[in-house]
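Asker: Here it is, the structure, as structure tokens.
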Amino acid sequence: MKVEGELFVVTGGAGGIGKAVVRTIVAQKGHAVIFDLNAPFGQALAEELGEKNAFFPGSVDCTDEAQVENALDLALKHFEGVTLAGAIVCHGVLFPPPSLTGYGPNGMLTNYKQFEFYIKVNLLGCYLVAQKVAEKLIKNDPFNEDKERGVIITTTSISALDGMMVGYGTAKAGVAGLSRPLALELAPHGIRVMSIAPGPFDTPILDPFPEGSPPCPFPKRIGKPQEFADLCLSIINNAMLNGSVIRLDGAFRFTDYATKD
Ligand SMILES: NC(=O)c1ccc[n+]([C@@H]2O[C@H](COP(=O)([O-])OP(=O)(O)OC[C@H]3O[C@@H](n4cnc5c(N)ncnc54)[C@H](O)[C@@H]3O)[C@@H](O)[C@H]2O)c1
């Protein structure tokens, strides 16, 4: 499949990684619709890129079925005549809101409300967008001789694959686990599903850590959002990439930094 001339939903499109994905789609002459809670950032990005290239339908909560459906309808109307070709699901939360405190010493253990929050935003919100987009994609005329009708790319995390972080990691493990079953379910309809598991990437999600993240073994730095966007392009272009999870982490292993006591 290709990006040029096609429309993609980018959730978290106003955030660090999602913004790079939106810019890259537009640079490849594709069109992007930004699903994000952050209205000022989403609006500013759409205005910067131009309404023929990028559209912000207003603040969208990816955990709210009616909002996602409405935003999708607005996007299809805005880009009338352009085919929806996929979704890159990048939205996510690393911390629950401060109002949801944990239990145990210093409130550092994960309570049920926090766990529920992670599952809702990072896992259910991911499936909500994937499913609503897939429902449109199955109606597409095939794009090519493989009869591809679309592609869905989700964002998990190495914390899922390395077995770290009760709420965040478990929700992201669900996202990783979704790749193959969803790819198999959608295979008869020519829709591929892939997931990317980033290591530490230089985005606002890491702002709460003033000391930053340790660098990857090599390259000796953390990831750049553009590197995530470049992998999305490779996935979109390569029909054999389907049903799996790609680590994008410069050999970083979360477990190397786990407490040993
Ligand atoms: N940056 C990293 O180190 C890193 C590492 C591993 C995985 N990830 C994952 O990459 C993805 C992108 O994160 P980022 O680093 O760009 O962070 P970010 O905080 O810059 O962007 C996340 C975006 O998601 C949006 N968002 C949050 N909840 C939402 C909701 N319910 N509905 C709609 N939008 C919502 C936020 O407004 C924000 O713009 C996330 O899924 C994150 O978990 C990031």
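Asker: In what sequence, highest mean first, do 108-115, 172-179, 244-251, 151-158 appear when ranked by Cβ atoms within 10 angstrom?
Answerer: Working: 108-115: 15.0, 172-179: 21.0, 244-251: 16.6, 151-158: 27.1.
Most protected by this proxy first, the peptides run 151-158, 172-179, 244-251, 108-115.
Asker: Under a 1.4 Å probe, what is the accessible area of segment 7-257 per residue, stated in Å²?
Answerer: Value for segment 7-257: 47 Å² per residue.
Asker: Quantify, in whole percent, the carbon and sulfur part of the accessible surface of segment 7-257 (1.4 Å probe; protein heavy atoms only).
Answerer: Details: 6660 of 11770 Å².
So the carbon and sulfur contribution to the accessible surface is 57 percent.
Asker: Right, another one. Run the helix sum for the chain: -39,500 (n - 2.57) per DSSP H stretch of 4+ residues, divided by residue count, reported at 222 nm to the nearest 500 deg cm²/dmol.
Answerer: Numbers: 8 runs with 95 residues, N = 261.
The per-residue figure over the chain is -11500 deg cm²/dmol.
Asker: Next question. Give me the one-decimal nm value for the distance between modelled label points at residue 109 and residue 251, 7 Å along each residue's Cα-to-Cβ direction.
Answerer: 3.8
Asker: What angle do you read, to the nearest 10 degrees and between 0 and 90, between the alpha-carbon axis of helix 16-27 and the longest principal axis of the chain?
Answerer: 20
Asker: Principal axis lengths of the chain from Cα atoms, whole Å, largest first?
Answerer: Extents along the principal axes: 57, 35, 33 Å.
Asker: Next question, about the same structure. What figure, in Å² to the nearest 10, do you get for the accessible area of residue 254 with a 1.4 Å probe and non-protein molecules left out?
Answerer: 60
Asker: Please give the Cα centre distance for segment 105-132 versus segment 184-261, rounded to the nearest Å.
Answerer: Measuring centre to centre over Cα atoms gives 20 Å.
Asker: Relative to the longest principal axis of the C-alpha atoms of the chain, give the angle of the C-alpha long axis of helix 39-49, reported between 0 and 90° and rounded to the nearest 10°.
Answerer: Helix 39-49 sits roughly 50 degrees off the main axis of the chain.
Asker: In debye, nearest 20: dipole of the chain around its Cα centre with unit charges on the Cβ of K, R (+) and D, E (-)? Show your work: numbers first, answer last.
Answerer: On the way: 22 positive and 28 negative charges, 89 e Å.
The dipole magnitude comes to about 420 debye.
Asker: Taking the highest mean first, how do the peptides 100-107, 10-17 order by number of other beta carbon atoms within 10 angstrom per residue? List each step's numbers first, then the result.
Answerer: Numbers: 100-107: 11.6, 10-17: 27.8.
So the order, starting with the most tightly packed, is 10-17, 100-107.
Asker: Against the longest alpha carbon principal axis of the chain, how many degrees, from 0 to 90 and to the nearest 10, is the axis of helix 65-78 turned?
Answerer: Value to nearest ten degrees: 40.
Asker: Working from the pairwise distances between different alpha carbons, so that the mean of 1/r is found and then inverted, what is segment 15-78's Kirkwood radius in Å? Don't skip to the answer; put the middle values down first.
Answerer: Working: mean 1/r = 0.0859 Å⁻¹.
When all Cα pairs of segment 15-78 are included, the Kirkwood radius is 11.6 Å.
The values are calculated or read from the model by the stated rules, or taken from the named source; none is laboratory data. These numbers come from a predicted model, not from an experiment. For neighbour counting, all protein chains shown are included, and Cβ atoms are generated from backbone atoms with ideal geometry for every residue, glycine included. Protein only, heavy atoms only, side chains kept; ligands, DNA and RNA dropped before computing areas. Shrake-Rupley method; radii C 1.70, N 1.55, O 1.52, S 1.80 Å.
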